[in-house]
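The numbers here are math on the coordinates, done by the rules we state, and not lab data. Please read all numbers here as calculations on a predicted model, not as lab measurements. Heads up, the Cβs are rebuilt from the backbone with ideal geometry, glycines too, and the neighbour counts pull from every protein chain shown.
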């Protein structure tokens, strides 16, 4: 599904995508197109792209081709989704302890729409940290 979503081929393109969008949330998936987690996430992102197009834009970045942000954003996971609004990184409290990003593959489209909508509503009110509508701290049951 990754070939349906726009790819950003360089660090300059990533910066421009984040800086140039004034009214919508910029959702960027950092990872590899060949990774199974990223494939699942890309399918979910593609499924919600049309539904959220009024308040969000979705891009994909291959962290091998564009290693510029790996250290800055701590992109060590196979698949990472981050949110930006008006050139500002928007953090989201998912209950996992890492408020900077989603670092697992989501397969529920409605949950992802809810998260993107929450990020948009909070960011448009000037908040830098929003609380997720669902607590993901109990996602893995040990």
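Mind telling me which of 26, 119, 52 comes out most flexible in a GNM of the chain, alpha-carbon contacts under 10 Å?
52
At 0.36 nm per residue, and after removing the present C-alpha to C-alpha distance, how many nm does the segment from residue 129 to residue 7 gain when stretched out fully?
41.3 nm
Let me have the 222 nm mean residue ellipticity of the chain computed from DSSP H runs of 4+ only, each contributing -39500 (n - 2.57), with the sum over all residues rounded to the nearest 500.
Mean residue ellipticity, 222 nm, calculated: -9000 deg cm²/dmol.
Expressed in nm², what is the orientationally averaged projection area of the convex hull enclosing the Cα positions of the range 11-131? Don't skip to the end; give the middle numbers.
Working: hull surface 26.8 nm².
Average projection, Cα convex hull of the range 11-131: 6.7 nm².
Taking other Cβ within 10 Å of each residue's Cβ, how do 30, 84, 69 sort, fewest first? All intermediate terms of the calculation are to be shown ahead of the outcome.
Working: 30 25, 84 22, 69 18.
The order, fewest Cβ neighbours first, is 69, 84, 30.
Find the relative contact order for the range 21-142 and round it to a whole percent, using C-alpha pairs within less than 8 Å whose residues are 6+ positions apart.
Once normalised by length, the contact order is 31 percent.
How do 72, 39 line up, fewest other C-beta atoms within 10 Å first?
The most exposed by this proxy come first: 72, 39.
What fraction of the DSSP beta bridges in the chain is antiparallel, stated in percent and rounded to the nearest 5?
50 percent
Taking the beta-carbon count within 10 Å as an exposure proxy, list 132, 10 from fewest neighbours to most.
The fewest-first ordering by Cβ neighbours comes to 10, 132.
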